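Right, one structure below, let's go through it.
The values are calculated or read from the model by the stated rules, or taken from the named source; none is laboratory data. Bear in mind the structure is a predicted one, so any value in this text is a computation, not a measurement. So basically every Cβ, Gly included, is an ideal-geometry build from the backbone, and we count neighbours across all protein chains shown. Side chains are part of the model used for accessible areas, which takes the heavy atoms of the whole protein and leaves out ligands, DNA and RNA. Shrake-Rupley method; radii C 1.70, N 1.55, O 1.52, S 1.80 Å.
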Amino acid sequence: MRDPAAPSLPAPAVSSLADFHPAPGTMASGEEDGTVEEKENNNKKKTKSTLATIWLTSYNIVMTVGWLVLALAMIRFYVQKGSHRGLYRSIARTLKFFQTFALVEVGHCAIGIVKTSVIVTGVQVCSRLFMVWFITNGIRQVQNEESVILFLVVWTVTEITRYSYYTFSLLNHLPYFIKWARYNLFIILYPLGVVGELFTIYAALPFVRRSGLYSMRLPNKYNVSFDYYYCLIIVMLSYIPLFPQLYFHMLRQRRKVLHGEVIVEKDD
Ligand SMILES: CCCCCCCCCCCCC/C=C/C(=O)SCCNC(=O)CCNC(=O)[C@H](O)C(C)(C)COP(=O)(O)OP(=O)(O)OC[C@H]1O[C@@H](n2cnc3c(N)ncnc32)[C@H](O)[C@@H]1OP(=O)(O)O
């Protein structure tokens, strides 16, 4: 997955299938001469890593197919209807399923089978879930906004590229154009996705204010007040500190993977 010329870095828990199947005669001497207990421990670790690789490969294949299905459904809808109106409704169930399933990725980081920050992944996944469940799904009035189509197209291109990158990497057959796409397209797609998301939240504000959606006004039996309108404004403002962190994280990944730079990441 990495440029062989690149300086050696702390290896991720799972890099490729080959990591768990050392060629005959290449086993570390510690393993050959170790005690029975050491050998058992090594075997357990290998079984665990092999299981992790099988799981990750299957997961990434399913997600690639899922986002490809979404892409085809969007293209078909647009070709048939000649308009984006109603497109969101037509793909809503598939989108909700695959985007919600991505919560598993936070688990991958938490249990250490993928060497990515739980926080970085958590922010990315939660912001997507928030957009899907609490904006587009919850507020019917915004579903036909052009900004929804913008972020849907951007997410779809990003995810097809990202999951196929992981899949081919794990299988040790990564075509260069996928690697290139993974670490270059985001430069344009990430800001475009943010624009689509922010415009959609902005479009939702008047409806939320008028309807009092997801809000709790005093007096009530819990003696708690919550205004979703102001919550949305806070979410929009939170893009200012959070988005640059995700973007610079991806730029660091890009330098590491495409140019072999050694990057020392801070721990969570
Ligand atoms: C409650 C409400 C909260 C609201 C909060 C609002 C604030 C939100 C602010 C920001 C919002 C942003 C909105 C943007 C949305 C969009 O997505 S726009 C579309 C464009 N987006 C992108 O291009 C980014 C897509 N996202 C990502 O790439 C990831 O989610 C990431 C976490 C940001 C970065 O991924 P990361 O894993 O760190 O980098 P990689 O280089 O891909 O991988 C690192 C290593 O880990 C391995 N790995 C990771 N995942 C897997 C996997 N599934 N399977 C196998 N391996 C995996 C990967 O191979 C790498 O390994 P090495 O190459 O060996 O290092």
- prompt: Taking one equal scatterer on every alpha-carbon of the range 110-268, how large is log10 of I(q)/I(0) by Debye at q = 0.14, 0.20 1/Å?
  reply: -0.82, -1.33
- request: Could you sort 137-144, 72-79 so that the peptide with the highest average Cβ count within 10 Å comes first and the rest follow in order?
  value: 137-144, 72-79
Distant-in-sequence amide H partners of residue 216 (H built 1.01 Å from N, under 5 Å): 226, 227, 228
Computed over the range 61-145: relative contact order in percent, which uses C-alpha pairs under 8 Å that are six or more apart: 29 percent
Distance from the range 90-123 to the range 190-268 (C-alpha centre basis), Å: 16 Å
- request: Could you check how much of the accessible area of the range 203-251 is carbon and sulfur, as a whole percent, using a 1.4 Å probe?
  value: 69 percent
task: Would you work out what percent of the accessible area of the range 108-201, with all protein chains in place, is carbon or sulfur (probe 1.4 Å)?
output: 72 percent
